[in-house]
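Report on the structure given below.
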Amino acid sequence: MAAAAHRIAPGGAPRVLILGATSPIARALALEYAHGGASLYLAARDTAEAARIAQDLAVRTGVAAHAGPFEAGDYAAHPELISRAAAALGGLDGVALCFGALGDEPAAHHDATAARKIIADNYTGAVSILTFAADHLEAQQSGFIIVIGSVAGERGRSRNYIYGSAKGALALFTQGMRARFARTPIHVMTVILGTVDTRMTWGRESAFLTVAPERAAALIHKAWRRRAEVVYVPFFWRFIMGVIKAIPERFFKQLKF
């Protein structure tokens, strides 16, 4: 089903570049694709760790897994990364953007340098690499892009509005890209992710609202297989954010969460 829907190249399994591949959710998503026989290129700031993950995937699943460096802020290196991944995999069918950083939000409220870093880490770098990825897929008229965003981008909250603004902008960018490719076979999916149980988010939400990386990855992979366009992970965040977005501004701005 997924192979036909995404025009996967010979062999029936996709060749996927995963950006930010050392994060817990990226590792879990890579494993989901590996179980389906996908060939993988894992790109991350920590190249040594990405290589260890690639080796582990190859041993556990038998797939071809490669690793290489990726720095969101190294814009000049982005086109070469797309070319390198395609060369290593013998083609490129899809890109999954899994990176992001909360940054020092309290400091960023008063320090423009810290604020710019959060925007660059979560939005500017994503726009840069996705632009090159999109052009590559457009040239071959096939493939997919998965962008993992955040519920923080759905409405500005006092405690994380800079991070949230970057994720909101990324969702809008991805929406526009989806419109750009609406009349092509290229599939663009936005994942609006709730709180995942990682060190980055520990203690920020109640356990009830938190999902394990493995569960989140399974839901993302399932949504990709059915060619979803916008998916909340877990699903109940769609209803939570629906309620939050419906609160009038004069009341919402008084809330401290």
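The values are calculated or read from the model by the stated rules, or taken from the named source; none is laboratory data. What you see is a predicted model, and the numbers here were worked out from it, not measured in a lab. For neighbour counting, all protein chains shown are included, and Cβ atoms are generated from backbone atoms with ideal geometry for every residue, glycine included.
The residue that is farthest from Trp237 (Cα to Cα), counting only those in the stretch 140-177 that are charged (D, E, K, R) and surrounded by fewer than 19 Cβ atoms within 10 Å (Cβ to Cβ), is Arg159.
Beta carbons closer than 6 Å, at least 6 apart along the sequence or on distinct chains, pair a first residue in the stretch 45-64 that is over 26 Å from Gly100 (Cβ atoms) with a second that is polar (S, T, N, Q) for Ala64/Ser39.
Within the stretch 116-172, how many residues turn out to be at pLDDT below 95 and of a type in the set (Ser, Thr, Tyr)? Residues meeting the conditions: 1. Among the residues of the stretch 206-246, those that are surrounded by fewer than 16 Cβ atoms within 10 Å (Cβ to Cβ), modelled with pLDDT under 95 and either within 13 Å of the chain's Cα centre (by Cα) or part of a loop (DSSP other than H, G, I, E, B) (or both) comprise Ser206, Ala212, Phe235, Phe236. Considering the stretch 1-94, the qualifying helices (runs of 4 or more DSSP H), each wholly inside and each with 1 or more residues that are touching a strand residue (DSSP E or B) at 6+ places or on another chain (Cβ under 7 Å) and modelled with pLDDT of 95 or more, run over 24-35, 47-61, 78-89. Of the listed requirements (1) under 14 Å from the mean Cα position of the chain (by Cα); (2) part of a helix (DSSP H, G or I), Thr190 misses just one: (2). Checked against (1) under 13 Å from the mean Cα position of the chain (by Cα); (2) charged (D, E, K, R); (3) surrounded by fewer than 18 Cβ atoms within 10 Å (Cβ to Cβ), Asp121 passes all but a single condition, namely (3). Screening Thr124, Thr113 for residues that are more than 27 Å from His221 (Cα to Cα) and of a type in the set (S, T, N, Q) leaves exactly one candidate, Thr113.
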